[in-house]
Amino acid sequence: MIKINLALPTKKGRAPKPKAVKAPRPGIKISVQATFLYVIGIIVVVAVIAITFFMQQNRISGLSSNIEQLNTKLNELKIYKATVDSLEMRERELGILIAPIKELNQNRFFIAHVLEEISKNVPEFTWLTSLNVNQSTMGLKGITSSNLLVADFMNRLEDSPYINNVDLTVLQKRPVGKQEMMEFTLTSNVGYEGEAGRQQ
């Protein structure tokens, strides 16, 4: 007789493998006190940065305000400068216009002094027939009764602070009526010399 075992064969159970013990992960253990100090440090740094930032902002605002004030003053000064430049230009223009008048006045007084020197030094029995005076030279013609009077006239002119280098260019006899007279021509330099010249 054949026996059939219909029951499922039981598997021989294996012993469970022991679970491997996991090694603890490497890490840094930070204590609560250290963490607190780090947080305090970060807060201090942020506070310092914030204070520095606000101080810089205030300083920048102050400098910007100063720059605006200086620009305003500069614009005001530009107006005054333009006025001063205009006045200086006008003064130069007036100076150019006045210069010829001053020169004329100076020449007028100068020539007046030269004429006065000639007039007071003309010897007696001597008459001038022509006179030409400019800024630097003088020429005169005259008639006299003697050569000695011409020499005396020249010496007197040389003593003048306005007249120098007197030279006799012409000396010749000339009949005037029934008399024989000496006709002469003198040339000289004229200029401001001596105390009388500085009194102009």
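The values are calculated or read from the model by the stated rules, or taken from the named source; none is laboratory data. Please read these numbers as outputs of a predicted model, since none were measured by experiment. Backbone-built Cβ (ideal geometry, glycine too); neighbour counts: all protein chains shown.
Would region 125-136 turn up any residue that is part of a helix (DSSP H, G or I) and either under 12 Å from T187 (Cα atoms) or without any contact (Cβ under 8 Å) to a residue 24 or more places away in the chain (or both)? No, region 125-136 contains no residue that is part of a helix (DSSP H, G or I) and either under 12 Å from T187 (Cα atoms) or without any contact (Cβ under 8 Å) to a residue 24 or more places away in the chain (or both). Which residue is surrounded by the most Cβ atoms within 10 Å (Cβ to Cβ), if the candidates are limited to region 132-176 and must be of a type in the set (S, T, Y) and within 21 Å of E116 (Cβ to Cβ)? Looking at the filtered set, the residue picked out is Y162. Residue check: is Q200 modelled with pLDDT under 90 and within 22 Å of V114 (Cα to Cα)? Here the answer is yes, as Q200 does meet what is asked.
Condition (residue is closer than 12 Å to L186 by Cβ and assigned to a helix (DSSP H, G or I)) applied to region 95-104: is it met by at least one residue? No, there is no match, as no residue in region 95-104 is closer than 12 Å to L186 by Cβ and assigned to a helix (DSSP H, G or I).
For region 143-155, the criterion of being touching an Asp or Glu at 6+ places or on another chain (Cβ under 8 Å), touching a residue at least 40 places away in the same chain (Cβ under 8 Å) and either of a type in the set (S, T, Y) or in a strand (DSSP E or B) (or both) is met by at least one residue. Answer yes or no as to whether E180 is farther than 30 Å from V190 by Cβ, assigned to a strand (DSSP E or B) and free of Cβ contacts under 8 Å to residues at least 40 places away in the same chain. Taking the combined requirement at face value, the residue satisfies it. Looking at the structure I just gave you, is Y80 surrounded by 10 or more Cβ atoms within 10 Å (Cβ to Cβ), among the hydroxyl-bearing types (S, T, Y) and modelled with pLDDT under 90? In short, no.
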